[in-house]
Each structure stands twice: as structure tokens, then as C-alpha cells.
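Some notes on the structure that comes next.
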């Protein structure tokens, strides 16, 4: 797979997620995929052999905590 086809896959994933369909995201995940959250916005995706191997999600963790609270079980 090349960069263009990887980009097309992610465009399809985001398009389907906007409709509430997470299946395309799950289908492109490698068995050993790593997903990291940090920062305030945008996703950085690493593909290998046509499978999503790593996803870094940059998000506002303070906003998430304000919105959903903390997990008191930790």
C-alpha cells in the first residue's frame, strides 16, 4: 500500500465514523495496533502492509476530564 491508498482508507474511515459506523476503523486495525491519546487535536496514523499499526490522537485531555469527570476507580 502507498501513502495515497492509506489516505483514501482514512478518508473512508472518517466518512463512515461521521455516520456512526466504526466498522471500517476496526477492519483496518492490525492485531498489534497501538493507540495513544495526547495534545489537543488531529490524528497521526502509521500503516504497514495496508493495516493501521499505530494511531496517535492529539486531544484536549483537560476538556475530556471536565466533560466526563475522572475515573475514581483508578
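The values are calculated or read from the model by the stated rules, or taken from the named source; none is laboratory data. The model shown is predicted, which means the values in this text are computed figures rather than measured ones. Reconstructed Cβ throughout: ideal geometry from the backbone, glycine too, with neighbour counts over all protein chains shown.
Against the conditions (1) loosely packed, with under 13 Cβ neighbours inside 10 Å; (2) modelled with pLDDT under 90; (3) more than 19 Å from residue 2 (Cβ to Cβ), residue 19 satisfies every one except (2). Kindly indicate whether any position in region 27-35 is more than 20 Å from residue 5 (Cβ to Cβ), out of contact with any strand residue (DSSP E or B) (no Cβ under 9 Å at 6 or more places or on another chain) and either loosely packed, with under 12 Cβ neighbours inside 10 Å or at pLDDT 90 or above (or both). Checked against the condition, which is being more than 20 Å from residue 5 (Cβ to Cβ), out of contact with any strand residue (DSSP E or B) (no Cβ under 9 Å at 6 or more places or on another chain) and either loosely packed, with under 12 Cβ neighbours inside 10 Å or at pLDDT 90 or above (or both), region 27-35 yields no hits at all.
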